[in-house]
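Below you'll find the structure, written out as structure tokens, and then a few comments.
The values are calculated or read from the model by the stated rules, or taken from the named source; none is laboratory data. Just so it is clear, the structure is predicted and the values come from calculations on it, not from any experiment. A quick note on method: Cβ atoms are made from the backbone with ideal geometry, for glycine too, and the neighbour counts reach across all protein chains shown.
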Amino acid sequence: MSGCELLKPWPLKVIIDNVLSGKPVAWELLAGYSRQELLLVASLGLVAVYVVLGAITLLNNYTTIKIGQKMVNDMRRDLYAHLQRLSLAFHSRRQVGDLLYRVTADTYAIQSLTMNGVFPIATALVLLGGMFIVMIKIDWQLTLLSLAVCPALFVSIAVMSRRITNAAVLARQQESEVYSVVQRAMSAIRIIQAFTKEEEEHRKFMAASDQSLGASLRLYTLQTFYSGVVNVVMAVGTAFVVWVGAQHVMSGKITIGEIVIFTAYLASLYGPINTICQTWGLIQGAKVGVQRVFEILDIDRDLKDGTVAFPPAGTKGSVAWENASFSYVDGQPVLNDISLRVEPGKKIAIVGPTGVGKSTLVSLVPRFYDPGAGRVLVDGVDIRSYQIKSLRNQIAMVLQPPLVFPVSVYENIAYGKPDARLEDVIAAAKLARIHDSIERLPQKYDTIVGEQGATLSEGERQRITIARAILRNAPILILDEPTSSVDAETEALIMEGLEQLTTGRTTFIIAHRLSTVRKADRIIVLRDGRIAEQGSFAELMNAGGHFASLYHSQFGLEETPAAK
């Protein structure tokens, strides 16, 4: 491309100096040609240069776009994979909308940075070097005069780039806030409509959108102003050079053809300089997006992966906490010095008031979090020594709230075991007491459920997550409020199915409804982040302590034989 740009004005020089003015041709290749023949060759040469330049430009644009798109794809891949590996502690501190914007929009900045930054600047520098060599041979004084505008351009860059960078940071932050507002509203649309908050949420969205628009407008205004300053500086330089060049033509220092080449080169010389300067403004905006991506990529995984893998037979199922403590916020411990040992195949119920740390305690087992002090062991080995994937493959979980994906019922149940046969999925659904409900759906197991399972009831969503855990068939089972969203009759049926599932597996059941824990081998009562009591159902009831108090608060006014 640079070579073609350098050749563009030369056919005009031949026409002006050799055809129209009659000067002899300096090149042996064209010696002996008549004026008519020179005119034809120069005209064809001009067309050929533009044809070749057009073809190369097309190839260049295709190549740069392809490279830019592949860079975006690679950056998205790395960013998304990194987000998947970061702990729940990280995700609990970040807005989903902001992360979504970084993955979908900020990653495009790398394409802008290369297509509008690196490649144009590299091309401009090559072209600049070639033109400088040709121009200095024609008239070194004019060439140096042409470059006199560069200091003024560099001053413009220095003054404006910081302001453009700050405006770009604000624009991207405000745009990511729009994403966050929309994401929160769409996730809570049922609550918004239930409490008739549509107008208030619309006002929040418009406020965020207006702020984003204002920030983007300020960025584009600064970039446009910067572009205008650069154009004015170059126009002054061009006028000055043309004025001096005309003086040199009149004094006979250079020919008219040479001043035509020089003027053409001057426009082309200022083109690369303009590209570099204009691109600098675009780079500042794109650089911010790339920095926002690398801000996430540079976050070290707070859960370092171990090196030990479980044998093919899987874990034996022994789990122990040794003086384990944990806090989400420094100085506000959720768990305090927990020591607990669970033998393989035992069923452990964990009960206590809301917010006491029940879910947090079992979340340490699959390493959703690591304890701040102490350690957790599986089969006598600190879980931090295990490969995270290998560890989590040993665990099946039913978590709260019940989460289903906007895919088919079959895919939802088989999520943890995507190669499962339909017969296995149906068997798991029957144990979870959801098979009959699925059979009533339009396409049965092929029915696509709505976003967040909106087309299913809360109880149906919960039973699908139970079926998912049943199908996983892992040696360790964690059930976080497995029957909180179902009626008493369905609860009894589910617990009957879970009874078969928990046999021979180390099972942790978190429950507020204490009727679900009667058959546990041991009940752990948490209070103020510590183990207040532990024992069988009968032992704790006879002790008359915290568990008995919790139990009577639920059933004391409606005692039934089943609850005694």
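Just one residue in the set VAL409, VAL404, VAL376, VAL449 is hydrophobic (A, V, I, L, M, F, W, C) and within 24 Å of THR506 (Cα to Cα); that residue is VAL376. Just so you know, in region 457-481 the residues that are β-branched (Val, Ile, Thr) and assigned to a strand (DSSP E or B) include one that is nearest to ARG433 (Cα to Cα), and it is ILE478. For region 237-256, the set of residues classified as under 56 Å from the mean Cα position of the chain (by Cα) and among the small types (Gly, Ala, Ser) consists of GLY237, ALA239, GLY245, listed by residue number. Would a scan of region 363-379 turn up a residue that is without any contact (Cβ under 8 Å) to a residue 40 or more places away in the chain and within 32 Å of the chain's Cα centre (by Cα)? There is no residue in region 363-379 that is without any contact (Cβ under 8 Å) to a residue 40 or more places away in the chain and within 32 Å of the chain's Cα centre (by Cα).
Quick one: how many residues across region 213-256 are part of a helix (DSSP H, G or I) and either touching a residue at least 60 places away in the same chain (Cβ under 8 Å) or not assigned by TED's automatic domain parsing to the domain that holds ILE164 (or both)? Spell out how you get there, then give the answer.
Taking region 213-256 first, the residues part of a helix (DSSP H, G or I) are 213-250, 256.
Those still in the list that are either touching a residue at least 60 places away in the same chain (Cβ under 8 Å) or not assigned by TED's automatic domain parsing to the domain that holds ILE164 (or both) too: 219, 222-223, 225-226, 229-230, 233-234, 236-237, 240-241, 244-245, 248, 256.
Within region 213-256, residues that are part of a helix (DSSP H, G or I) and either touching a residue at least 60 places away in the same chain (Cβ under 8 Å) or not assigned by TED's automatic domain parsing to the domain that holds ILE164 (or both) number 17.
Scanning region 412-434 for residues that are among the hydrophobic types (A, V, I, L, M, F, W, C), crowded, with 22+ Cβ neighbours inside 10 Å and part of a loop (DSSP other than H, G, I, E, B) yields ALA432, ILE434.
Can you pull out every residue in region 503-538 that is outside any loop (DSSP other than H, G, I, E, B), at pLDDT 75 or above and of a type outside the set (A, V, I, L, M, F, W, C)? Full working, then the answer.
Applying the first criterion (outside any loop (DSSP other than H, G, I, E, B)) to region 503-538 yields 506-510, 514-517, 522-527, 530-535, 537-538.
Cutting the leftovers down to at pLDDT 75 or above gives us 506-510, 517, 522-527, 530-535, 537-538.
Within region 503-538, THR506, THR507, ARG522, ARG527, ARG530, GLU533, GLN534, GLY535 qualify.
Reported count of residues in region 321-338, each being in contact (Cβ under 8 Å) with a residue 60 or more places away in the chain, more than 14 Å from SER363 (Cβ to Cβ) and over 33 Å from the mean Cα position of the chain (by Cα), is 2.
Taking residues in region 302-317 that are closer than 12 Å to LYS389 by Cα, and partners anywhere that are assigned to a strand (DSSP E or B) and modelled with pLDDT of 80 or more, the pairs with Cβ atoms closer than 8 Å and at least 6 places apart or on different chains are GLY306/TYR386; VAL308/VAL381; VAL308/TYR386; ALA309/TYR386; PHE310/TYR386. Scan (1) under 27 Å from TYR226 (Cα atoms); (2) of a type outside the set (Phe, Trp, Tyr); (3) surrounded by 20 or more Cβ atoms within 10 Å (Cβ to Cβ) for the single condition VAL159 breaks and write down its number. Only one criterion is unmet by VAL159, namely (3). Selection of region 434-449 for residues being out of contact with any Ser or Thr (no Cβ under 6 Å at 6 or more places or on another chain) and either more than 14 Å from LEU471 (Cβ to Cβ) or of a type in the set (Lys, Arg) (or both) yields ASP436, SER437, GLU439, ARG440, PRO442, GLN443, LYS444, THR447.
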